[in-house]
Each structure stands twice: as structure tokens, then as C-alpha cells.
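Any read-out appearing in this document is the output of simple, stated calculations on the displayed coordinates, not a laboratory observation. Everything numeric here is computed off the predicted structure, so don't read it as measured data. Neighbour counts are summed over all protein chains in view; Cβ atoms, including those assigned to glycine, are modelled from backbone coordinates with ideal geometry.
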Amino acid sequence: MNYRHLIPVLIFTIVALFQITLLPWAAINKAIPQLTVIVLVLYTHVNGQLYGTVSGFVFGIIFDLLSGGLLGLGMFSYTAAGFMAGYFHNENKIAFYDEPHFFILSVFISSLVYSLLYSLASLGDISYNFWILLIEYSLLPAAYTTGVALILPVFRKVKNFR
């Protein structure tokens, strides 16, 4: 049996459990870094847009089941984030899109899409101002996630792994 496709699911499950149980303590103004989006972007950069979209769907199911939230909301948000991260993958220009600034930009955009879609659908109260929703529930978590993701290119340069 080929376990190649189960390894990302196992890694995502471990990171999701860590994010759900321990990361709320690291919240800054209700913003939590989305480590699961970073994992999704990493796998999307390696394998392409279709893989990222399907992985986002599978990761979303797992996240919904683990978090106990609204079933389908994580699927939708992670699928959109994986799809957006796939725009930063081009098999013909691997060296160009493999630069750290493209990874960081991809994490920011994917995290922004994830946070915006998740917060739009999960907030039942429509009395929120759109700008508050955009800044407090989308931009702040996306910036926090991008700040955490800045560690990965530095680690890659130090370890020199590919």
C-alpha cells in the first residue's frame, strides 16, 4: 500500500490538534496563527494547484471534525485557500516561484482568504461593520500567520534542504 498520500493528512492532523488545543493561548487580540494554512501552502507549492485544492477540501473535513465547528465551513475555507496558494505554483518556473518572498506572499494571501471566508460564514451576527470584519478577523490573523511563516525560509536557508 502506498502511504504517500496519508503522510500530509497525518501531519495536518497533528498540526490541527496543536492549533486547536494549545495555540489559543498565543492569541494576540483574538488573532491566532493558522499553522494549518501554512501546512496547506507548503504542500500546494510542492504539488500544484489541483493537489492544493483537493488537500484543502480533505484538510477542511478533518479540521471541522476535530474542532467541532460548523461542518462544511472549514472545507469551504481550506479549499479556497489551497486554490489561491496554487496560483504560486508553476512547473515551468520552479526556480522563480521557489523564492522565499513568493512563499510568504502565498501564505499571506491564502491566510487572508481563509480567515475572511471563515469569519464571514461563522459570524452569525450581521451587525459587524465590514471594515472591522476585514481588519480584526481577517487581516490580523493573516499577518500573524505570515509572521510565523517567516521562520520557514530562514530555517530552509540554514538547513539548506530542498
(message) Which one, Tyr43, Gly86, Leu116, is farthest towards the positive end of the dipole of the chain when Lys and Arg carry +1 and Asp and Glu -1 on their Cβ?
(response) Tyr43
(request) Kindly write out, for the stretch 77-87 in residue order, the coupling ³J(HN,Hα) from the Karplus curve 6.51 cos²θ - 1.76 cosθ + 1.60 (θ = phi - 60°), rounded to whole Hz, with x marking Gly and Pro. (result) 5, 5, 5, 5, 5, x, 5, 5, 5, x, 5
(request) Calculate one ³J(HN,Hα) per residue across the stretch 19-36 by plugging θ = phi - 60° into the Karplus curve 6.51 cos²θ - 1.76 cosθ + 1.60, and present them in order as whole Hz with x for glycine and proline. (result) 5, 6, 8, 9, 5, x, 6, 9, 5, 10, 6, 6, 9, 10, x, 8, 5, 5
(message) Starting from 0.36 nm per residue, how many nanometres of slack lie between Ile14 and Ile135 once their C-alpha separation is accounted for?
(response) 40.7 nm
(message) If each DSSP helix of 4+ residues adds -39,500 (n - 2.57) and the sum is divided by the residues in the chain, what number results at 222 nm, nearest 500 deg cm²/dmol?
(response) -21500 deg cm²/dmol
(message) Quick check: the distance between the Cα centres of the stretch 39-63 and the stretch 67-88, to the nearest angstrom?
(response) 9 Å
(message) For a quick check: with amide H placed at 1.01 Å from N, whose amide H comes under 5 Å from Ala31's, ignoring anything fewer than 5 positions away on the same chain?
(response) none
(request) Report which label in (i) 9.6; (ii) 10.9; (iii) 10.2 holds the value of mean projected area of the Cα convex hull in nm² derived from the coordinates of this structure. (result) (iii)
(message) Given Cβ point charges of +1 (Lys, Arg) and -1 (Asp, Glu) and nothing else, what value in debye, to the nearest 20, does the dipole of the stretch 33-159 about its Cα centre take?
(response) 360 debye
(message) Springs between alpha-carbon pairs under 10 angstrom, Gaussian network model over the chain: which of Asn90, Asn29, Asn129 fluctuates most?
(response) Asn129
